[in-house]
Amino acid sequence: MEYYEVSEGETDLYLELRERARGSGWWQRYGIKGDYGTYIGLEGDARKIERYDAIHIPGLFQTEDYQRALAAGSMADLGQEEIDRRIGVRKERQRVWMSARPQTWVIVDEAAVHRRVGGAAVMRAQLEHVIGLMAEPHVTVQLLPYEVGVHAAMETGPFTVIDVGALSVVHVEQHKSVLFRDDPHEVEEYLRVLDKLRMEAHGDAKTKAGLRSALR
């Protein structure tokens, strides 16, 4: 770090990350490793989480019934034990997130709100849960309405930008694979996409009105 003339403060942050990386994460007891384990570790250390979701409610906001309905519809080949394990991991992620309370800004496409995952009763409970989370001071939710039409994230798909202080990482979801990008220029590109979406999406009042309309 001295060779590359990194500042003392930034060096301390990297050394702290190195020490954390040497320890065992809670997710390892679930047998989680690889990319998902990396993502959970970053999420647990996050100071800020920014996400765009196109087709479903973001994972940190999902109720158990919504998760089970998603699994039944999109992962029908999984056994009940594996589904229970995945839901257990998601619950622990949510617990850690609510405990750490990083600033979380989520933009959700209107399509995700109107897609009846699990039927009307499950979807009502899910939307009520999202509205409840909007009362948390560390949570911001914006609804991206159909009327926007073509928007900045249509070619990128769902993605998350996680800021852990020492660095920011973009997590891009693809079919059966994920990408992690930490090049500052690439991260900045995704942040610009989020900024454009924020300008086009509804504010707090209209987002709540949109969610309540879907409830009705």
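The values are calculated or read from the model by the stated rules, or taken from the named source; none is laboratory data. Everything quoted here is computed from the prediction, not taken from an experiment. Positions of Cβ are generated from backbone atoms using ideal geometry, with glycine treated the same way; all protein chains shown enter the neighbour counts. Accessible surface areas use protein heavy atoms only, side chains included; no ligands, DNA or RNA. Shrake-Rupley method; radii C 1.70, N 1.55, O 1.52, S 1.80 Å.
Quick check on segment 30-63: of everything there that is over 16 Å from the mean Cα position of the chain (by Cα) and assigned to a helix (DSSP H, G or I), which residue is surrounded by the most Cβ atoms within 10 Å (Cβ to Cβ)?
Here the answer is TYR30.
Here is a yes/no grid of residues against (1) among the small types (Gly, Ala, Ser); (2) in contact with a strand residue (DSSP E or B) (Cβ under 6 Å, 6 or more places away or on another chain); (3) modelled with pLDDT of 90 or more; (4) on the phi > 0 side of the Ramachandran plot:
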site	(1), (2), (3), (4)
ILE40	no, no, no, no
LEU60	no, no, yes, no
GLN67	no, no, yes, no
ALA76	yes, no, no, no
GLY79	yes, no, no, no
ILE83	no, no, no, no
TRP97	no, no, yes, no
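Can you go through VAL89, VAL141 and tell me which one is among the aliphatic types (A, V, I, L, M) and not in a helix (DSSP H, G or I)?
VAL141
Quick one: which residue in ALA166, ALA125, ALA153 is touching a residue at least 60 places away in the same chain (Cβ under 8 Å) and farther than 30 Å from LYS208 by Cβ?
ALA166
Kindly list the number of the only condition in (1) aliphatic (A, V, I, L, M); (2) within 26 Å of GLY44 (Cβ to Cβ); (3) open to solvent by 30 Å² or more (accessible area, probe 1.4 Å) that fails for LEU194.
For LEU194, the exception is condition (3).
Can you list residue pairs whose Cβ atoms sit under 7 Å apart, with the first residue in segment 73-84 being within 19 Å of GLY118 (Cβ to Cβ) and the second being modelled with pLDDT of 85 or more and among the basic types (Lys, Arg)? Count only pairs 6 or more apart in sequence or on different chains.
These pairs meet every condition: ILE83/ARG68.
Take VAL113 and tell me if it is touching a strand residue (DSSP E or B) at 6+ places or on another chain (Cβ under 8 Å) and either open to solvent by 70 Å² or more (accessible area, probe 1.4 Å) or not in a helix (DSSP H, G or I) (or both).
Numbers: touching a strand residue (DSSP E or B) at 6+ places or on another chain (Cβ under 8 Å): yes; either open to solvent by 70 Å² or more (accessible area, probe 1.4 Å) or not in a helix (DSSP H, G or I) (or both): no.
No.
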